[in-house]
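The values are calculated or read from the model by the stated rules, or taken from the named source; none is laboratory data. Predicted model only: the values in this text are computed from it and were never measured. Positions of Cβ are generated from backbone atoms using ideal geometry, with glycine treated the same way; all protein chains shown enter the neighbour counts. Each accessible area value is taken on the protein alone, full model and side chains, heavy atoms only, with ligands, DNA and RNA left out. Shrake-Rupley method; radii C 1.70, N 1.55, O 1.52, S 1.80 Å.
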Amino acid sequence: MSRPLMLSLSTAAWLAVAATPAFADAERLEADLRALFSDKGTLAIGSVDEALIRDRVTAEELVFDSAEGERLLIERYVVSGDYDSPDEVTVEGVRLEDGLTELALLEIESLVFGEPSSAVLPLGDHDALDAVTLGSLAIDGIALDLASRTAEEWFAGTPLRNSEGRMTIEKLRGEALSRDAIGWLEITGVDGVGQNLDELGDGSFSLASLRLEGLTGLDEEGAEELESLSLNELAVDSDRLVGSLAALVMTTDLAEHRGEMELDDFRLDLARMIELAPEDERTQFRMVSNVLTDGSGELMMDAAFNSAWHEETNIQGPGAQGVLSSDGSITLHEALALALVAELPMRLPEGMEPAALFGDEMLSDVTLLGGELGLTLANEGLFGRMITLGAATEGVSEAAYLEQVRTQANGFGMMFGPRVQSLLLGLVALAEGEASELEINVTLPANSRFESLTEDPLALPERLDLRVETR
């Protein structure tokens, strides 16, 4: 046998062996796609091709007509790598449209699923999706009709659920995704316009980015835990709210029992909101705006809080005893600044972990072992403007109004004791400009519960060691 003939036969044999799994994968992909849609409507597939040299099988021109009257079009569905354990699944040119009007309900330029648990993902089947895991996710070019059933499912439990309008998302990225946990997920370039945006009314919104990290407990209601959240450049312009937020960052280290929150440059355009408010509400709204903003019509706020749990015994878990330390600040620019410091020794009730202190769990059963609270109020113009407004409302001079307020403060002091009197007179000192800061320090009673402290607020002055200073 000649050498060229031997080479030709060898090449043909190699191609036959290499092609066998590819052809099998092509058949499996078509069968799996048809099985996925079999009980939901009719599916047409333009072609299914396989690459002999690279492990890749591609289905093109998919058209699915659902029993509900919607049509799903997919330009290309590509499985790369071992079909039973793909390296990547890519879906390109996705369009979900109304079968009668052909209006787009959802459009996606591309979806890339890294290391998915199966070659054919049950998109749209929430029950089946629970079993899917992904190494990574990359979605580009999302456009969504907010009135669609898809939007209702995506935004269930959010203000956008019953909205109308359109939203676009530039990119969505994520890693380590499953039904019960998300390693990280980031959304960038969000823009929307719509009607019935819950309490926002009608208007538009935009968001530069939102990133979540370390989200767990998704498979159990109330067990969700999040390590960090960062939000950047949120803007809302609606007929009920006009404002923006430069950044919001929240982090929680449950292992170290620490939590932080920072709110940066939150702004409300009260002047615009007054223009949009019903006519009979504008006068009162304008008075509030003038007091808060000194007539500028723009309210600006920054805030930051830190909390940490320090274990004081070797007891772990239920019954733990330690100190919850917190400090924070809120600044309403041109109005008021607040600073809070707390050192609260406490014993946790049976069944409560220290991590619950950084969640939404109520602390009514926590036993306080004493503790200190400190609050500082710095007047940046708010109290003086309140006196001006009060005097104008009652038709008296500011001096006369201040004297009324001082008399009332002394009257309450006679009713509730000297501690309450010192607090109220301190506020009067801020209002008349005799002091710029008011500092309140409180020592809490030992072996008491939060719940017991709130049951009878009028009795608190007698139970608390309260000290007031002005500067």
Fill in the blank from the handout: Residues whose modelled amide H sits under 5 Å from the amide H of Gly370, counting only those 5 or more places away in sequence or on another chain, are Ala446, Asn447, Ser448
Practice task
Could you please state, rounded to a whole Å, how far the C-alpha centre of region 193-260 is from the C-alpha centre of region 80-111?
Solution key: 27
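Given a Förster distance of 60 Å, report the FRET efficiency between Gln195 and Ala51 from their Cβ-Cβ distance, rounded to the nearest 0.05. Walk me through the intermediate numbers first.
Values: r = 48 Å, r/R0 = 0.79.
Rounded to the nearest 0.05, the efficiency is 0.80.
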Exercise for the section: With a point put 7 Å past each Cα toward its Cβ, work out how far Ala104 is from Asp84 in nm, to one decimal. Expected result: 4.0
Completion exercise
Amide H contacts under 5 Å for Arg56, restricted to residues at least 5 apart in sequence or on another chain and with H modeled in the peptide plane, are Ala51, Gly81
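In region 273-413, what percent of the accessible surface is made up of carbon and sulfur (1.4 Å probe, ligands and nucleic acids excluded)? All intermediate terms of the calculation are to be shown ahead of the outcome.
On the way: 4080 of 7380 Å².
C and S fraction of accessible area: 55 percent.
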Problem - Surface accessible to a 1.4 Å probe, Lys171 within the full protein complex, Å² - result: 90
Completion exercise
Result for region 208-342: accessible area per residue, probe 1.4 angstrom, in square angstrom, of 55
Fill in the blank from the handout: The extension gain from Ser329 to Glu164, computed as 0.36 nm times the residue separation minus the Cα-Cα distance, is 55.6 nm
Exercise for the section: With a 1.4 Å probe and every protein chain left in place, tell me how much accessible area Arg76 has, in Å² to the nearest 10. Expected result: 80
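Determine, from the Cβ-Cβ distance of Asn306 and Ala35 and an R0 of 56 Å, the FRET efficiency 1/(1 + (r/R0)^6), rounded to the nearest 0.05.
Working: r = 53 Å, r/R0 = 0.95.
FRET efficiency, Asn306 to Ala35: 0.60.
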Practice task
Roll a 1.4 Å probe over the protein chains and send me the accessible area per residue for region 24-132 in Å².
Solution key: 52
Problem - Where GluC sites (Glu not before Pro) in DSSP loops with at most 11 other Cβ within 10 Å are excluded, longest remaining stretch of the chain - result: 103-219
Exercise for the section: On the protein heavy atoms, probe 1.4 angstrom, tell me the percent of accessible surface of region 24-132 carried by carbon and sulfur. Expected result: 47
Practice task
Please turn the phi angles of region 86-102 into ³J(HN,Hα) values with the Karplus equation 6.51 cos²θ - 1.76 cosθ + 1.60 (θ = phi - 60°), one per residue in order, whole Hz, x for glycine and proline.
Solution key: x, 6, 6, 10, 10, 10, 10, x, 8, 9, 10, 9, 5, x, 8, 8, 6
Fill in the blank from the handout: Measure of exposure for Asp264: accessible area at 1.4 Å probe, Å² rounded to 10, is 70
Fill in the blank from the handout: Any residue on another chain or 5+ positions along whose placed amide H is under 5 Å from the amide H of Gly99 is listed here as Glu70, Arg71
Handout entry: Reported label for calculated volume of the Cα convex hull per residue in Å³ given (i) 174; (ii) 151; (iii) 210
Key = (iii)
Handout entry: Candidate residues Thr407, Thr443: accessible-area rank, largest first, probe 1.4 Å
Key = Thr407, Thr443
Handout entry: Hz values of 3J(HN,Hα) by residue in region 407-420 - Karplus curve (6.51, -1.76, 1.60), Gly and Pro given as x
Key = 4, 5, 4, 5, x, 5, x, 5, 7, 10, x, x, 5, 5
